[in-house]
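Below: one structure, written as structure tokens.
The values are calculated or read from the model by the stated rules, or taken from the named source; none is laboratory data. On a predicted model such as this, the values are computed, not experimentally measured, just so you know. So basically every Cβ, Gly included, is an ideal-geometry build from the backbone, and we count neighbours across all protein chains shown.
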Amino acid sequence: MLKLEYHCQTENGLYLAKINGPHGLIEIKDLVWIIDRKDILECYYWESWAVLQGAYHCCFSIPGKVTLLPK
């Protein structure tokens, strides 16, 4: 089950989210919108996980935007 560990609005008005899931805790920076809704978190988590595995995503493939955090 996915869990939104932390989210905040940064100085630039965008959001930082940390989503915990089956492959670990993923941090996503510079999101326009974040809400604790399972369907949205699922999309963010799995699209970010795919990027970490080498897939291209129009928004998440920006260097430094998606990070798998150490345990």
> What are the residues in segment 32-48 that are more than 17 Å from T10 (Cβ to Cβ) and within 11 Å of the chain's Cα centre (by Cα), if any?
Replying inline: I40, L41, E42, C43, Y45, W46, E47, S48
>> Of all residues being under 14 Å from I35 (Cβ atoms) and among the hydroxyl-bearing types (S, T, Y) in segment 1-20, which is modelled with the highest pLDDT? Just the residue, please.
In response: Y15
> Any idea which residue in segment 2-31 is farthest from the chain's Cα centre (by Cα), counting only those that are more than 19 Å from G64 (Cα to Cα) and hydrophobic (A, V, I, L, M, F, W, C)?
Replying inline: L2
>> I need the full set of residues from segment 45-59 which are within 15 Å of K18 (Cβ to Cβ) and touching a strand residue (DSSP E or B) at 6+ places or on another chain (Cβ under 6 Å), in order please.
In response: Y45, S48, L52
>> If I filter segment 30-46 down to residues being in a loop (DSSP other than H, G, I, E, B) and of a type outside the set (F, W, Y), which single residue comes out as modelled with the lowest pLDDT?
In response: D36
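Residue by residue, here is whether (1) assigned to a strand (DSSP E or B); (2) in contact with a helix residue (DSSP H, G or I) (Cβ under 8 Å, 6 or more places away or on another chain) holds:
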| position | (1), (2) |
| --- | --- |
| M1 | no, no |
| Y6 | yes, no |
| E11 | no, no |
| N20 | yes, no |
| I26 | yes, yes |
| G54 | no, no |
| F60 | no, yes |
> Exactly one of (1) surrounded by fewer than 15 Cβ atoms within 10 Å (Cβ to Cβ); (2) modelled with pLDDT under 95 is unmet by Y56. Its number?
Replying inline: (2)
